[in-house]
Amino acid sequence: MYRISQNRRTFYFHFLQCPFLNSFTTAKKTAPAVSSDPSLPFTVQYLVNTCALPVESALSASKTLQLDERNPQKHDSVLNFLKSRGFSDTHISKLITKRPSLLRCNLEGKLKPKIEYLLGFGFSGSTLAELLLSCPNILRSLDNVLKPNFEVLLTLLKTSEDVINAVKRYPWLLNFDLRRNMQPNVSILMSQGVHVAHISKLIISHPRTVVQKVDKMIKIVETVKKLGFQPSSSLFVHAVRAMSSTTEPTWKRKMEVFKSFGWSEEEVMSAFKRSPNVITCSEEKIKRLMDFYTSTMKLERSTIIANPTLLGYGFSTRIWPRYLVIKVLETKQLLKVGRKLIWAFRLNEKKFVETYVTMHLVRVPDLMEVYKDAIAAKETCIDGDDRGVSRISGDKILTRNAE
């Protein structure tokens, strides 16, 4: 059930609770004091009292890690260095939990040069901390891995900002030898006439596509060409990306989903050629959006085929909130007759708010609240009709009670 109700501009939603993550400092205050327990080894005591690890995590780490009780300053120096480079207490605690061996690393000879190189390239301390949490293994050989990989990326993307964005998008990128896969894959695309600008955008937005095996890239490029995509078109790299992330069994399952809504294979391919990313949507998402568009909005199949990007939008964060705003405006007769409502879904956020929300606030003062609260809501429902959308009158803006 999904309900949006209001009493004097107060909206009520059911929300999923998000866990609260305590900071390293807070964790230090609340962590059990175990240093006085002689039955626990020094490693466990240090991990709990200094690094704020839970006792269970510390005990687990101690099975493969032994810290030097005679020289705790060595381990302290690692923590102090990370903190001095912008790592928060929470980052450090989580990082030590994932990779406790950092406490025993050679700070001056190994860790410090790598961290300093990455910071010097342009990563902030907090960004670097998040990358290490996502992929602790990126701190590999500086001269044999990190530097060569960044040289490849900088050669292809030209700016350190774009390189950083690509790495943030896919931290595991740095675990590959980019000279052996990315460079050959880029050469394959360029040899087919793909524009450098299109390749750069692909690397930044979907870097995993260009680090796949070279023989697989060759096959995908040939398949995409046979489907009718022109290498000079920006859609070519989107098709390569879509084919790279979709196995044949998955393709067949998604094809069956579309067929369950009356589509033919030719119609699915027509939509794919207009927007290759449509095939990267999950089966559940395709079902949900198709059901909403056909059952609730009563869109014709031909309309969806002609506008396949509709299947790429988030339902809870984009389609449903905008649909609510549209229904409010319809009940107040504030929309032009004949306006194609699907265009409201295609507008960027700023333009949609300006066109459909802000300009109507005089007539519907609570419209912005309806929109923002719908975006914030965590539970949604599609019931196939508009019975839950009531006419607006007085303070009662919108109530949807789909059961």
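The values are calculated or read from the model by the stated rules, or taken from the named source; none is laboratory data. Since the model is a prediction, treat every value here as computed from it, not as a measurement. When we count neighbours, we look across all protein chains shown, and the Cβ atoms used for this are built from the backbone with ideal geometry, even at glycine.
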#### Entry: the stretch 194-231, subset small (Gly, Ala, Ser) and in contact with a helix residue (DSSP H, G or I) (Cβ under 9 Å, 6 or more places away or on another chain), residue nearest to Thr280 (Cα to Cα)
Ser205
### Summary
For Met190, the lone unmet condition from (1) touching a helix residue (DSSP H, G or I) at 6+ places or on another chain (Cβ under 8 Å); (2) surrounded by 15 or more Cβ atoms within 10 Å (Cβ to Cβ) is (2)
### Message
Going by what's in this entry, would Asp76 be described as over 30 Å from Ser316 (Cα atoms), of a type in the set (Asp, Glu) and at pLDDT 95 or above?
### Response
yes
### Query
Scanning the stretch 167-187 for residues that are aliphatic (A, V, I, L, M) and out of contact with any Pro (no Cβ under 9 Å at 6 or more places or on another chain), which turns out surrounded by the fewest Cβ atoms within 10 Å (Cβ to Cβ)?
Leu174
### Query
Quick one: how many residues across the stretch 318-353 are more than 26 Å from the chain's Cα centre (by Cα) and of a type outside the set (A, V, I, L, M, F, W, C)?
9
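Table: residues versus (1) touching a strand residue (DSSP E or B) at 6+ places or on another chain (Cβ under 7 Å); (2) in the same structural domain as Leu156 (by TED's automatic domain parsing); (3) within 25 Å of Lys168 (Cβ to Cβ); (4) of a type in the set (Lys, Arg).
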{"site": "Gln192", "(1), (2), (3), (4)": "no, yes, no, no"}
{"site": "Ile204", "(1), (2), (3), (4)": "no, yes, yes, no"}
{"site": "Pro207", "(1), (2), (3), (4)": "no, yes, yes, no"}
{"site": "Ile218", "(1), (2), (3), (4)": "no, yes, no, no"}
{"site": "Lys225", "(1), (2), (3), (4)": "no, yes, no, yes"}
{"site": "Ser232", "(1), (2), (3), (4)": "no, yes, no, no"}
{"site": "His238", "(1), (2), (3), (4)": "no, yes, yes, no"}
### Query
Which of the residues belonging to the stretch 256-271 are free of Cβ contacts under 8 Å to residues at least 40 places away in the same chain and either closer than 17 Å to Lys226 by Cβ or of a type outside the set (A, V, I, L, M) (or both)?
Glu256, Phe258, Lys259, Ser260, Gly262, Ser264, Glu265, Glu266, Glu267, Val268, Ser270
### Message
It is to be established whether one or more residues within the stretch 128-142 are in contact with a Lys or Arg (Cβ under 8 Å, 6 or more places away or on another chain) and of a type in the set (Ser, Thr, Tyr).
### Response
no
### Message
Name the residue that is farthest from Arg322 (Cα to Cα), counting only residues in the stretch 280-298 that are modelled with pLDDT of 95 or more and either touching a Lys or Arg at 6+ places or on another chain (Cβ under 7 Å) or aliphatic (A, V, I, L, M) (or both).
### Response
Glu283
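Let's see how each residue does on (1) modelled with pLDDT under 95; (2) within 22 Å of Gln230 (Cβ to Cβ):
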residue	(1), (2)
Leu139	yes, no
Leu146	no, no
Val152	no, no
Ser160	no, no
Ile164	no, no
Asn185	no, yes
Gln192	no, yes
Ala197	no, yes
His206	no, yes
### Task
Identify all residues within the stretch 70-84 that are within 14 Å of Ser126 (Cα to Cα) and touching a Lys or Arg at 6+ places or on another chain (Cβ under 9 Å); write none if there are none.
Phe81
### Query
Which of the residues belonging to the stretch 330-354 are buried (at least 19 other Cβ atoms within 10 Å of the Cβ) and closer than 14 Å to Met368 by Cα?
Phe352
### Residue match in the stretch 160-170 (condition: under 25 Å from Cys105 (Cα atoms) and aromatic (Phe, Trp, Tyr))
no
#### Entry: Near pairs, Cβ below 6 angstrom, 6+ apart or cross-chain, from the stretch 77-92 (of a type in the set (Gly, Ala, Ser)) to any residue that is assigned to a helix (DSSP H, G or I)
Ser77/Leu107; Gly86/Gly125; Gly86/Ser126
### Task
Inspect all residues belonging to the stretch 294-313 and state whether any of them is in contact (Cβ under 8 Å) with a residue 60 or more places away in the chain and not assigned by TED's automatic domain parsing to the domain that holds Ile279.
no
### Task
Check Arg322 against each of (1) part of a helix (DSSP H, G or I); (2) at pLDDT below 95 and name the one condition it does not meet.
(2)
### Residue that is farthest from the chain's Cα centre (by Cα), among those in the stretch 120-149 that are surrounded by fewer than 20 Cβ atoms within 10 Å (Cβ to Cβ), farther than 15 Å from Arg169 by Cα and among the aliphatic types (A, V, I, L, M)
Leu142
### Query
In the stretch 188-201, which residues are closer than 15 Å to Leu178 by Cα and of a type outside the set (Val, Ile, Thr)?
Ser200
